[in-house]
Every structure is written in structure tokens, then in C-alpha cells.
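Novice: One structure, pasted below without further comment.
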Amino acid sequence: MFWRREGGPLDIKDNSLMAWLLRFVAALLVAAVVVMMFRLGAPKASAEEGASKGDSLPYALDAGWKGEKVCELLFENDDTRVGRCTFPPGVGHERHYHPPHYGYILKGGTMRITDADGTRDAETPDGASWWSPGVEWHEAINVGDTTAVYLIFEPKSAAAVTVMPE
């Protein structure tokens, strides 16, 4: 290795203070590289962190409506997260993002959804379901006259491959 060259400026075969200092600095550099590798491979945001940092959007289960929560975490383990979101008439879901997820509609309604494609009204029937590879951002409001209730199932392994908002 480069620091074991005898007689060179980085020769640290001895037990001098400089040799130990160089060993310590080398160990710190290796540790910093390992930490950076893990951080780069991790999801940028998660439910545990609240996922609301700086200008980034809140994570779906953390987003609310006019300061009130609309989603409740029902179950979470190392592999899966499940939440229930309830929208009475006139109640919505502020702008937020989703990692990949599966959704199931317990009680349908009429939701006005705004995203990068524009605004549209969507009839959501009881018992319908969907898979989404993730949503960069959207917001919604219940414009119908019934309370809509959704279950959101998120496989945590899918969250790591999703591009989250900057």
C-alpha cells in the first residue's frame, strides 16, 4: 500500500505520533465514504422522518388539510406501511408525494385531483383498487356529498427506487 513505502513521506511503520495521526485520518476517510454510500442509497424521505424538509413536499400520510390530519398510520413493519385516509365532503389532501403504492377504496366519492397534468374530477367507486409506481406530487379535495375512505399499502423496498421531489 502507498503508506508502507519505506522512507517515503507517508512511511508509518513506526509508532510515532505522526504515524498514528495518519492512521486515524485514513480510518476517518474510509468511514466517511461508507456513510456517504449508505446515505446515497437510502430513500430521500420516509414516513419516520416526517418527509417534510425545506422546500420538499410532505409524504402522503403526513399531509393534511387546513392543519388537520386526514390519514392515519394503521400498520408498519420493516417491509410494509399501511395508512387509512378519510375525506368528508369539502375536505382534501394538501399537495404531497407518494412512493410506489397500492390503493384500495373502502368508501368511494368524487375527488377533484390536481397534478402536473391539470385538474380533473374522478369518481371513485367502493371496492376499486390501483397500483401506482409513485406520484411526484398531487393534491385532492372531496367535491362530492359522501365521505371517501382509502387504504394505502406501501412496500418499503419500492420506496428506495422512487425519485422523490427535490
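The values are calculated or read from the model by the stated rules, or taken from the named source; none is laboratory data. Please read all numbers here as calculations on a predicted model, not as lab measurements. Neighbour counts are summed over all protein chains in view; Cβ atoms, including those assigned to glycine, are modelled from backbone coordinates with ideal geometry.
Novice: Restricting the search to region 111-138, which residues are free of Cβ contacts under 8 Å to residues at least 40 places away in the same chain and either touching a helix residue (DSSP H, G or I) at 6+ places or on another chain (Cβ under 9 Å) or closer than 16 Å to Trp65 by Cβ (or both)?
Specialist: Residues satisfying the conditions are Met111, Arg112, Ile113, Thr114, Pro133, Gly134.
Novice: Would you please name the residue that is modelled with the lowest pLDDT, looking only at residues in region 79-96 that are among the charged types (D, E, K, R) and in a strand (DSSP E or B)?
Specialist: Applying the filter and picking the extreme gives Arg81.
Novice: Considering only region 115-124, I want to know if a residue exists there that is surrounded by 16 or more Cβ atoms within 10 Å (Cβ to Cβ) and polar (S, T, N, Q).
Specialist: Yes, there is a match, as at least one residue in region 115-124 is surrounded by 16 or more Cβ atoms within 10 Å (Cβ to Cβ) and polar (S, T, N, Q).
Novice: Would it be correct to say that Val82 is among the hydrophobic types (A, V, I, L, M, F, W, C) and in contact (Cβ under 8 Å) with a residue 40 or more places away in the chain?
Specialist: Spelling it out, Val82 is indeed among the hydrophobic types (A, V, I, L, M, F, W, C) and in contact (Cβ under 8 Å) with a residue 40 or more places away in the chain.
Novice: Answer yes if at least one residue in region 135-142 is in a strand (DSSP E or B), polar (S, T, N, Q) and surrounded by fewer than 17 Cβ atoms within 10 Å (Cβ to Cβ), and no otherwise.
Specialist: Taking every residue of region 135-142 in turn, none turns out to be in a strand (DSSP E or B), polar (S, T, N, Q) and surrounded by fewer than 17 Cβ atoms within 10 Å (Cβ to Cβ).
Novice: Restricting the search to region 58-78, which residues are assigned to a strand (DSSP E or B) and hydrophobic (A, V, I, L, M, F, W, C)?
Specialist: Trp65, Cys71, Leu73, Leu74, Phe75
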